[in-house]
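Okay, structure first, notes after.
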Amino acid sequence: MTKRLHADLVILSLLAAAVALLATMRYGPGVSPDSAMYVAAARSLLDGAGFLGYDGRPVAFWPPLYPAVLAAFGALGPDVLAVARWLGAFVFGCIVFFSGRLFRETLRTPGLVWGATLAVAAAMPLLQVSVKVWSEPLFILFVVLFLRALPAGLEAPSRARLVGLSAVTAAAMLDRYAGAALLLTGAAFLLAHRAWPLHRRLGRAMLFGAASGLPLALWLLRNVRATGTLTGPRGGMGPQPLADVLVGSARTLAGWLLPPAAPAWGQAAALGGLALLVAAAFLLRGGARPARVRLRLRVALGFTLVYAAFVTAAGAAGLSDAPNGRLLAPLLVPLVFMAAHGLEAALAAMRRAGWRRLAQVLAVCAGLWLAWPLTSTAAYVYVRAKIGGGGYHTEAWQASAMVRWLKTHPPEGVVYSNLPAAAYLFTRRYARAWPPAAAPRPGAVALWFDDVDRAVRSAETALAGIRARLEPGSGGGTDTAGPAFVPADPSCSGAPFAAGVRARLERVRAFADGCVYRVKDEAE
């Protein structure tokens with residue numbers, strides 16, 4: 001039974017990985033400004049220059065593990081972007097597999113095991129981060145491994161298990177700074193484990209903290225030496241009202257449960273239902289569960305609370321983006337884990353009370369709910385397979401006349417751009433933001449891209465075509481993505497350059513979606 005079940009998990013994991021590959025088959029994985037930083041850091045490592053970003057400066061705001069992994073596989077020959085595509089799909093499959101193992105080890109109902117595993121495999125938040133060149137998939141995998149490693153280390157402590165737990169936690173923090181939530185969760189459970197005497201709890205917690213935190217401490221020391229700061233600056237962020245952060249997080253979670261078009265009362269009801277299931281996992285016949293299951297539930301809840309508090313505080317303080325689908329994705333597996341246990345406890349309580357018909361209705365409703373993540377993920381894969389993996393790897397960008405020209409005419413010297421990440425990806429030249437802090441040197445190149453949101457509109461158009469085909473009497477919709485952007489004036493007169501700066505710029509090439517300039521010498 002176990003071997004067959006594991007074989008089934010392997011098959012489902014391979015299918016999940018195949019879906020991620022399907023979504024990125026046209027132009028490769030989705031790339032964003034963060035992605036460009038990871039790619040640049042990996043390539044600079046391969047060139048022996050250390051961790052340098054797309055602007056040619058030391059990377060500090062992003063931890064080093066993900067670009068280091070890209071560089072390690074890139075050293076074998078394939079391009080870093082190709083490595084990122086296959087790595088994202090492989091890690092997504094591993095997330096599904098180890099989540100399924102976690103469910104199998106704790107749930108008693110086979111149907112719930114597979115329902116919960118399918119919910120993870122069909123979760124669009126997990127697929128969305130897995131088809132991008134982002135560090136989240138690795139981090140989420142470390143979270144799943146942590147949810148299994150910490151309880152095991154508490155139940156049957158050994159030096160090997162403490163080392164394994166510390167390694168997972170250290171890797172998570174080297175992948176994303178939010179991995180500190182794992183350190184805090186692990187230390188809290190080690191200190192609170194009453195089965196051990198106080199001195200043993202203190203000793204293990206200190207060893208765990210030191211072993212887990214040392215690699216990140218060394219990286220932060222490197223940042224101070226390279227940039228003068230612990231994590232470097234990142235523009236565009238500032239403190240946000242805590243209420244706005246909480247409301248945005250709640251809406252994101254509700255979007256995992258219901259279509260975005262659901263009314264506010266429906267979203268509130270869905271979140272309330274999720275909260276009830278999580279509460280049921282701890283309150284309904286908690287004493288009848290094996291101690292190992294109760295411990296795993298407490299670890300899942302502890303991590304959920306600590307991580308949610310961490311990203312909420314960071315967003316409110318302006319230290320990171322406000323919690324969104326990308327930042328909240330690591331909560332999906334522990335939430336599914338607790339909700340599945342709550343559903344199992346609720347069904348058992350209903351049967352004991354003689355409410356078998358109500359239990360059957362609840363089970364059917366839970367099964368029908370899976371239609372939402374399955375259909376939304378199918379639509380997402382359709383769009384990505386059609387227009388590209390996302391960001392700069394979409395049809396709207398790849399079909400750009402300016403982008404095609406840049407790929408065959410990479411500029412020499414210093415490059416500036418209103419989109420430096422795009423300039424780096426399309427030219428493989430370090431690029432800095434325009435306008436520059438100091439007067440640009442003669443011979444420098446300025447790349448101006450018009451309509452920076454073209455990829456978003458292209459995806460929205462493709463999704464609108466799907467909705468049109470699904471609406472009764474719509475007549476079928478269209479298979480084309482539609483115009484990616486409205487062409488700008490070929491003279492690029494809309495570029496916001498000051499008059500004095502514009503006088504020093506010589507237009508090299510003008511396109512419908514941007515311009516290439518050269519900085520003239522003062523004598524010209």
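How far, in nm, would the chain grow between Ala210 and Trp355 when pulled straight, counting 0.36 nm per residue and subtracting the alpha carbon separation?
47.0 nm
Using a Debye calculation, one point per C-alpha and no hydration shell, please list log10 I(q)/I(0) for the stretch 1-134 at q = 0.15, 0.16 Å⁻¹ in order.
Once normalised to I(0) and log-transformed, intensities are -0.74, -0.81.
How large is the charge dipole for the chain, taken about the Cα centre, if only the Cβ atoms of Lys, Arg (+1) and Asp, Glu (-1) carry charge, to the nearest 20 debye?
Dipole of the chain, to the nearest 20 debye: 2080 debye.
Tell me whether the stretch 100-153 comes out rounded, prolate or oblate; compute the Cα gyration tensor, take square roots of the eigenvalues as a ≥ b ≥ c, and use a/c under 1.5 as the rounded threshold.
The shape class here is oblate.
Between Ala399 and Trp265, what is the label-point separation in nm under the 7 Å Cα-to-beta-carbon projection?
4.4
Going by C-beta contacts inside 10 Å, put Ile140, Ile387 in order with the fewest on the left.
Ile387, Ile140
If I stretch the segment between Leu258 and Asp244 completely, what's the gain in nm (0.36 nm per residue apart, minus their alpha carbon distance), one decimal?
Once the chain is fully extended between Leu258 and Asp244, it gains 3.0 nm.
Report, in degrees rounded to the nearest 10, the 0 to 90 angle that the Cα long axis of helix 33-46 makes with the longest principal axis of the chain.
Roughly 80 degrees, rounded to the nearest 10.
Here are some values of Rg and Dmax of the Cα atoms in Å: (i) 25.2, 92; (ii) 23.5, 70; (iii) 26.5, 84. Which one was computed from this structure?
Correct label is (i).
With labels modelled as points extended 7 Å from the Cα through the Cβ direction, what inter-label distance (nm, one decimal) is found for Ala82 paired with Tyr382?
The two pseudo-label positions are separated by 3.2 nm.
What do you get for the angle between helix 110-121 and the principal long axis of the chain? Use alpha-carbon atoms, 0 to 90 degrees, nearest ten.
With both axes taken from Cα atoms, the answer is about 10 degrees.
Through the Karplus equation 6.51 cos²θ - 1.76 cosθ + 1.60, θ set to phi - 60°, convert the phi angles of the stretch 64-72 into ³J(HN,Hα) values in whole Hz; use x for Gly and Pro.
x, 5, 4, x, 5, 5, 4, 5, 4
For a Förster distance of 51 Å, can you work out the FRET efficiency between the beta-carbons of Glu155 and Leu319, rounded to the nearest 0.05?
It comes to 0.90.
Which value results for Rg/Rh of the stretch 136-233 when Rg is the Cα radius of gyration and Rh the Kirkwood radius based on the inverse mean 1/r?
That ratio is 1.02, to two decimals.
Nearest 10 degrees is fine. How inclined is helix 136-155 to the longest principal axis of the chain, computing both from alpha carbons?
Long axis of 136-155 versus the principal axis of the chain: about 30 degrees.
Counting pairs of alpha carbon atoms under 8 Å apart in space and at least six apart in sequence, what relative contact order in percent does the chain give?
17
Starting with the fewest neighbours, write out Met402, Met173, Met25 ranked by other beta-carbon atoms found within 10 Å of each beta-carbon.
By the 10 Å Cβ count, ascending, the order reads Met25, Met402, Met173.
Enumerate the amide H contacts of Arg509 below 5 Å, restricted to partners 5 or more residues apart or on another chain; note that Pro and chain-start residues carry no placed amide H.
Counting only residues 5 or more places away or on other chains, the set is Val516.
Quick check for the chain: number of Lys pairs with alpha-carbon distance under 28 Å, counting only pairs 8 or more apart or on different chains?
4
Values quoted throughout were computed directly from the atomic coordinates according to the rules given, and no laboratory measurement underlies them. Nothing here was measured: the structure is a model prediction, and the numbers come from that model. Reconstructed Cβ throughout: ideal geometry from the backbone, glycine too, with neighbour counts over all protein chains shown.
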